Amino acid sequence: MGLQGVLFAAAGLLPFLVASTEIAQAHPSGLRLGAQEITQAVHGKLCTTPGGARFAFGADGHFAYDGLWQTTGSYVVADNSIVVTFDSGLRRAFAMSVRDGVLYMEQTRVSCANGG
């Protein structure tokens with residue numbers, strides 16, 4: 001991959017890899033979730049989006065994303081969010097909420113099942 005390809009790929013990652021340790025805002029029309037509720041929903045599970053992206057939240061705290069690109073790291077659950085620390089050292093909080101009985105990660109609907 002040439003320099004142009006690397007720069008293009010890096011630019012595409014910027015919105016996802018914003019280094020933020022702040023607790024993210026929950027989905028505007030969603031029910032805010034406590035840490036225990038989020039843990040029950042994602043811990044040790046594989047979560048998928050309608051578009052086919054996969055977020056694995058291992059029982060050992062390992063995190064993996066497989067979608068437009070692939071990345072790994074670790075995660076911890078907090079009230080209203082999941083905080084991911086990528087292997088690169090960047091940290092990002094993802095807001096978690098429930099709307100109409102459906103789990104949302106930021107603005108994206110996710111469905112989680114055992115297997116992460």
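What ranking do Ser88, Ser81 get, fewest neighbouring Cβ atoms within 10 angstrom at the top?
With the sparsest Cβ surroundings first, the list reads Ser88, Ser81.
Rounded to the nearest 0.05, what FRET efficiency is calculated for Arg99 and Asp66 with R0 set to 25 Å and r the Cβ-Cβ distance?
Working: r = 25 Å, r/R0 = 0.99.
E between Arg99 and Asp66, to the nearest 0.05, is 0.50.
Full extension from Ala59 to Arg32: what is 0.36 nm times the residue separation minus their Cα-Cα distance, to one decimal in nm? Walk me through the numbers on the way to the answer.
Working: separation 27, 0.36 × 27 = 9.72 nm, distance 2.28 nm.
Going from the current span to full extension adds 7.4 nm.
Any read-out appearing in this document is the output of simple, stated calculations on the displayed coordinates, not a laboratory observation. Bear in mind the structure is a predicted one, so any value in this text is a computation, not a measurement. Positions of Cβ are backbone-derived with ideal geometry, glycine not excepted, and every protein chain shown enters the neighbour counts.
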